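Please treat every number below as a calculation from the coordinates, not as lab data. As the structure is a computational prediction, the values presented were derived from the model and not from experiment. Positions of Cβ are backbone-derived with ideal geometry, glycine not excepted, and every protein chain shown enters the neighbour counts.
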Amino acid sequence: AQKVTQAQTEISVVEKEDVTLDCVYETRDTTYYLFWYKQPPSGELVFLIRRNSFDEQNEISGRYSWNFQKSTSSFNFTITASQVVDSAVYFCALSEALTGNQFYFGTGTSLTVIP
Amino acid sequence: DVKVTQSSRYLVKRTGEKVFLECVQDMDHENMFWYRQDPGLGLRLIYFSYDVKMKEKGDIPEGYSVSREKKERFSLILESASTNQTSMYLCASSFGQGPYNEQFFGPGTRLTVL
């Protein structure tokens, strides 16, 4: 069973629009961490954020914000006022205390921002 | 800055060839990982290593082996390359034990097996 689901395969938005990337996870562990990575066309995954299972505070970093809701097992990522440089594939990932360092990645969402 | 480097960005091999993909990290990380990335399937873990000479199978180890003789280097080996191993291969590393630490990725090797 897929532990991390990113139902949106591809999204296109016009520059300056807001966009939300969805991530739903599944775990029986009480201690776990959620991550978002960005993969630009160059190919290298870049770490964006980490959240632990005990901290449900939303996080904002510039135009990026993350909404973590344990009740719905979701960790969604919103880009405000999107820019062409935001075009990339975005991955959500889960790691669990029980399985240590192993990450479970979603299938990714390809975001295209149209100028 | 953490740097993970991979020996090639692009590689073309023939069916049946033995293929070596090399990964080197410069931050003294204990953990190293090999993933393959395919459209619609995301990243799938092939093998990982927690320490020198130690290895653990990931989700799709069939057709692959690994070697970690030095802490900074983790090699992925395709003993006899097949066309279904055409893919993007990503190496990653992380520090310490436990689920907290983010993984740092290399630029990837796009392997084509003809």
Length-normalised contact order for segment A:7-104 - Cα pairs under 8 Å, 6+ apart - percent: 36 percent
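Taking the Cα centre of segment B:48-114 as origin, work out the dipole magnitude from +1 charges on Lys and Arg Cβ and -1 charges on Asp and Glu Cβ, in debye rounded to 20. Could you put the intermediate results ahead of the total?
Details: 8 positive and 8 negative charges, 40 e Å.
In total the dipole reaches around 200 debye.
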Dipole axis of segment B:36-93 (+1 Lys, Arg; -1 Asp, Glu on Cβ), positive-most option in B:L78, B:S49, B:L90: B:S49
Spin-label pair B:E22/A:V85, simplified geometry with 7 Å Cα→Cβ offset, distance in nm: 3.4 nm
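If the chain between B:R14 and B:M88 were fully stretched, how many nm would it gain, using 0.36 nm times the residue separation less the Cα-Cα distance?
Values: separation 74, 0.36 × 74 = 26.64 nm, distance 1.61 nm.
Stretched fully, the B:R14-B:M88 segment lengthens by 25.0 nm.
Within a Cβ distance under 15 Å of B:S80, other residues only, what is the Lys/Arg minus Asp/Glu net charge?
On the way: positive: B:K13, B:R14, B:K18; negative: B:E17, B:E62, B:E79.
Local charge sum for B:S80: 0.
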Span from the segment A:39-115 Cα centroid across to the segment B:69-114 one, whole angstrom: 21 Å
GNM flexibility winner over chain B from B:F33, B:F48, B:F20 (Cα, springs under 10 Å): B:F20
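With r defined as the distance between the Cβ atoms of A:E26 and A:V46 and R0 fixed at 22 Å, what FRET efficiency is calculated, to the nearest 0.05?
Numbers: r = 25 Å, r/R0 = 1.14.
Efficiency, from the Cβ-Cβ distance: 0.30.
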Averaged over A:33-41, number of beta-carbon atoms from partner chains that fall within 10 Å: 2
Fewest-first sequence of B:M54, B:M27, B:M32, B:M88 by Cβ atoms within 10 Å of each Cβ: B:M54, B:M27, B:M88, B:M32
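Give the order of A:I79, B:I77 when sorted by the count of other beta carbons within 10 angstrom, beginning with the fewest. Before the final figure, lay out the partial values.
On the way: A:I79 20, B:I77 14.
Ranked by crowding around the Cβ, least crowded first: B:I77, A:I79.
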Contact order relative to length of chain B, as percent, for alpha carbon pairs under 8 angstrom and 6 or more apart: 36 percent
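Going down the table (A:K3/B:K57; B:K13/B:K57; A:K38/B:K71), which pairs top 21 Å between alpha carbons?
Details: A:K3/B:K57 18 Å; B:K13/B:K57 24 Å; A:K38/B:K71 27 Å.
Going by Cα-Cα distance, B:K13/B:K57; A:K38/B:K71 fall outside the 21 Å limit.
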Order of B:L41, A:L34, A:L94 - criterion: other Cβ atoms within 10 Å of each residue's Cβ, fewest first: B:L41, A:L34, A:L94
Charged-residue dipole, Cβ positions (Lys, Arg, Asp, Glu), segment B:1-56 about Cα centre, Debye nearest 20: 440 debye
